[in-house]
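Below is one structure, written out as structure tokens, with a few remarks after it.
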Amino acid sequence: MDSPKWRKVAYGGMQPGFDDNHTDESFLEEMIMNANVVKRDLVKVILDSVSISQYLCIVSLVVLVWTYTLRSIFTETSLLLLDIILLCSGFLIVLLTAKRLSFDLLVSYFLKTSFFITGLYVLSPVYQTLTRSISSDSIWALTTSLVVLHLFLHNYSDSTLEFTNFTSNISLNASIVSSLLIASRLPSRLHVFAIVLFSLQVFLFGPFVGYCVKKYSFRLHLCFSFGLMVLTLFLVYGLHRLLFVLLLGILVFVNLVCPYWLIRIQEYKFEINGPWDEAKLCFNISE
Amino acid sequence: MAYETRDKMSQKGKHRILMVSDFFYPNFGGVENHIYYLSQCLIKLGHTVVVMTHAYGNRSGVRYMTGGLKVYYVPWKPFLMQNTLPTFYGTLPIVRTILLRERISLIHGHQAFSTLCHEALMHARTMGYKVVFTDHSLYGFADVGSIHMNKVLQFTLADVSQAICVSHTSKENTVLRSGLPPERVFVIPNAVDTAMFKPPRERLGSSEIVIVVISRLVYRKGADLLVEVIPEVCALHPNVRFIIGGDGPKRVRLEEMREKHSLQDRVDMLGAVPHAKVQSVLVSGHIFLNSSLTEAFCIAILEAASCGLLTVSTRVGGVPEVLPDDMIVLAKPDPSDMVQAITKAIHLLPQIDPQAMHCRVKKLYSWYDVAKRTEIVYERAFNCSNQSLVERLPRYLSCGAWAGKLFCLVMIIDFLLWHLLQMWKPDKEIEVVPEIDFASRPSEEAAWDSSTDES
């Protein structure tokens with residue numbers, strides 16, 4: 001009679017001829033490694049990281065405008081002009097890049113924007129006196145930290161239209177609060193209205209416009225981003241040398257160093273699947 | 001299966017064992033029952049067992065349970081999911097006192113999710129005791145909680161003498177998570193108290209088929225699968241009734257399903273069933289349905305099989321290893337597959353004899369057998385060599401580039417704190433508990449053999 005084989009069962013007590021710590025050849029046989037891992041290409045990752053640096057440049061430009069306004073280099077009329085130009089160009093880009101031109105959609109956009117602008121104009125006296133009793137240093141510190149928080153938690157993926165993510169909500173709130181804080185430091189009501197309109201235009205509608213451009217043509221998106229980066233670097237150079245160096249360093253880090261790093265450590269990825277995994281339900285749970 | 005008699009066993013060495021876990025009576029669950037039954041059988045085998053756990057409500061201090069099982073309810077309140085607050089070194093004094101008072105020779109920790117267990121094992125290793133760890137659950141690798149838990153497990157198991165898992169799938173999972181060599185992991189399954197879970201004396205009528213579900217109604221236990229499966233089965237088989245015992249966040253969904261398909265007379269929801277009443281609920285059914293999404297070892301299935309029910313379960317984790325193929329019908333965790341499996345089970349029902357099934361389960365599983373196999377693990381643990389702190393540190397260093405050094409630092413500080421304690425309160429000053437022999441009364445000497453019915 002041949003010796004009994006080891007079976008992968010728990011019943012029947014100790015299997016005769018085998019210890020409890022016997023490790024069979026079939027140990028870890030059903031383990032599957034790296035089943036869902038995507039092989040990444042360096043060039044593609046660098047091109048994808050351009051959208052992050054594009055947004056970084058947009059935020060730097062906004063901060064630049066704030067600085068110039070606070071130093072009274074920009075007057076309120078020039079700010080209002082900037083707002084109108086941005087609004088029109090944004091609308092133009094959305095119109096040109098939209099595949100289906102729906103008149104209803106256009107009218108709804110127009111109505112929403114006008115409600116928004118009217119509301120801001122009515123509320124601007126409130127924002128003007130918001131932080132009168134707080135010292136300037138606290139305002140600058142708070143604004144800086146809020147802008148940094150906004151950049152960290154921002155949703156850089158292509159699905160910018162669905163703000164269902166918890167962190168993307170926080171980042172949006174941070175950007176709005178920082179623009180209101182800056183606005184409250186300005187002398188007149190019109191200043192406040194202009195700067196708040198400018199900041200909110202960029203923070204709320206900027207990602208959407210960028211997404212439309214990217215969807216339409218990737219080359220256009222790349223050209224737009226590079227142009228923006230060059231413009232930002234040029235303007236920041238005019239403001240302060242140290243900030244220029246910092247911005248350049250961050251752009252190089254995000255665009256070149258991080259993709260290379262990601263590809264390097266991708267080799268160590270070890271995804272383990274096996275019979276011990278929790279089963280995934282194949283249907284959606286409708287609450 | 002031949003068991004050695006108690007007389008032969010009494011010639012081998014007897015140990016004094018400390019069981020540590022956050023999970024014990026008055027909670028009921030897999031880990032709790034495992035510790036209790038294992039301790040009782042080890043006491044019957046002649047060892048001394050002490051249990052250490054945290055305080056439950058007002059239940060704090062020392063309690064004695066059946067057979068002289070001493071339980072230390074250490075006055076730490078649980079802070080998250082029945083776990084004590086992890087303070088790293090806060091438990092060192094109390095663990096040292098218990099180990100010295102009870103003259104413990106070996107510590108046995110249970111459940112990777114228990115912070116008290118990890119801390120006690122760490123202190124025990126610092127003080128030079130032999131340590132055994134039993135893992136009762138399966139964990140993933142991908143989410144943040146699992147990654148941290150696995151790192152903590154790696155730390156604890158870097159220096160454990162032996163480890164035990166409750167199924168072969170659980171062994172694979174533990175080896176991958178902790179990096180232990182597979183030869184150091186023993187597979188000793190749970191068992192079931194067949195004296196408590198008995199089939200009814202008269203067989204149930206077969207005009208109406210009753211399917212029993214007893215589980216916590218949470219996502220992990222597949223309550224959502226139940227919501228999809230029950231209406232289909234009720235539509236397909238007009239003579240089938242469901243009894244659902246248990247409570248949880250998903251109970252609302254089940255009630256909604258019941259209302260939506262008008263199944264009030266065909267689906268009974270019993271609410272939370274206390275452990276003592278589980279058997280009476282089980283014996284009122286023909287089929288037991290288990291829909292959990294992950295299980296290291298499902299004791300509920302064993303209890304159902306011991307009561308003579310045919311089991312239908314999802315094929316996850318260690319479930320395929322628990323019962324022989326003719327006592328269980330397995331299905332993928334997919335509603336249509338499960339409905340097919342239930343149909344197959346209904347057709348198999350006439351061939352099932354509950355009493356025969358109960359006798360088979362009695363032969364296949366017994367806590368006495370589990371205790372004997374655990375004894376072998378203890379012997380192996382004692383044969384491991386004693387090592388000083390310096391010899392043990394390299395094992396921690398191999399846990400990772402940063403983590404290894406951090407773990408070494410933690411152990412060195414523990415070692416220093418231990419010596420500080422020894423200077424402040426020397427070993428001699430700690431009173432040793434006198435030996436109380438609970439088993440010396442004649443009525444306790446009835447042969448505890450698994451083939452006798454204890455009714």
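The values are calculated or read from the model by the stated rules, or taken from the named source; none is laboratory data. On a predicted model such as this, the values are computed, not experimentally measured, just so you know. Please note: Cβ atoms are built from the backbone with ideal geometry, for glycine as well, and neighbour counts cover all protein chains shown. Please note that ligands, DNA and RNA were not included when accessible areas were found on the heavy atoms of the full protein model with its side chains. Shrake-Rupley method; radii C 1.70, N 1.55, O 1.52, S 1.80 Å.
For the reader, a short list of remarks on this structure follows.
- Residues in region B:170-196 that are charged (D, E, K, R), more than 15 Å from the chain's Cα centre (by Cα) and either closer than 24 Å to residue B:300 by Cβ or open to solvent by 20 Å² or more (accessible area, probe 1.4 Å) (or both): B:172, B:183, B:184.
- Applying the set (1) within 20 Å of the chain's Cα centre (by Cα); (2) modelled with pLDDT of 90 or more; (3) surrounded by 15 or more Cβ atoms within 10 Å (Cβ to Cβ) to residue A:235 leaves exactly one unmet item: (1).
- Of all residues in region A:207-221, at least one satisfies being among the charged types (D, E, K, R), away from chain B (no Cβ under 14 Å), assigned to a helix (DSSP H, G or I) and surrounded by 16 or more Cβ atoms within 10 Å (Cβ to Cβ).
- Residue A:90 vs. criteria surrounded by 11 or more Cβ atoms within 10 Å (Cβ to Cβ) and in contact with an Asp or Glu (Cβ under 6 Å, 6 or more places away or on another chain): no
- Of all the residues in region B:217-233, those that are more than 9 Å from every other protein chain (Cβ to nearest Cβ) and either charged (D, E, K, R) or touching a Cys at 6+ places or on another chain (Cβ under 9 Å) (or both) number 2.
- Total residues in region B:181-201 satisfying the condition of being part of a loop (DSSP other than H, G, I, E, B) and at the interface with chain A (Cβ under 8 Å from one of its Cβ atoms): the figure is 2.
- Checking each residue in region A:263-287 for being more than 14 Å from chain B (Cβ to nearest Cβ) and either modelled with pLDDT of 90 or more or surrounded by fewer than 12 Cβ atoms within 10 Å (Cβ to Cβ) (or both) picks out A:263, A:264, A:267.
- Consider region B:369-414 and keep the residues that are surrounded by 19 or more Cβ atoms within 10 Å (Cβ to Cβ) and among the aromatic types (Phe, Trp, Tyr). The one that is nearest to the chain's Cα centre (by Cα) is B:378.
- Within region B:288-295, at least one residue is touching a strand residue (DSSP E or B) at 6+ places or on another chain (Cβ under 8 Å), hydrophobic (A, V, I, L, M, F, W, C) and either assigned to a helix (DSSP H, G or I) or farther than 23 Å from residue B:209 by Cα (or both).
- Test result for residue B:362, open to solvent by 80 Å² or more (accessible area, probe 1.4 Å) and at pLDDT 90 or above: no
- Residues in region A:183-207 that are of a type in the set (A, V, I, L, M, F, W, C) and within 28 Å of residue A:252 (Cβ to Cβ): A:202, A:203.
Residues checked against (1) away from chain B (no Cβ under 14 Å); (2) out of contact with any helix residue (DSSP H, G or I) (no Cβ under 9 Å at 6 or more places or on another chain); (3) touching a residue at least 24 places away in the same chain (Cβ under 8 Å); (4) not in a loop (DSSP other than H, G, I, E, B):
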residue: A:8; (1), (2), (3), (4): no, no, no, no
residue: A:15; (1), (2), (3), (4): no, yes, no, no
residue: A:20; (1), (2), (3), (4): no, no, no, no
residue: A:30; (1), (2), (3), (4): no, no, yes, no
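- Enumeration of residues in region B:275-306 that are hydrophobic (A, V, I, L, M, F, W, C) and within 14 Å of chain A (Cβ to nearest Cβ): B:293, B:296, B:297, B:298, B:299, B:301, B:302, B:305
- Residue match in region A:243-262 (condition: open to solvent by 20 Å² or more (accessible area, probe 1.4 Å) and in a loop (DSSP other than H, G, I, E, B)): no
- None of B:229, B:210 is under 23 Å from residue A:277 (Cα atoms) and open to solvent by less than 80 Å² (accessible area, probe 1.4 Å) except B:229.
- Meets criteria (over 23 Å from the mean Cα position of the chain (by Cα) and facing another protein chain (nearest Cβ under 8 Å)) for residue A:37: no
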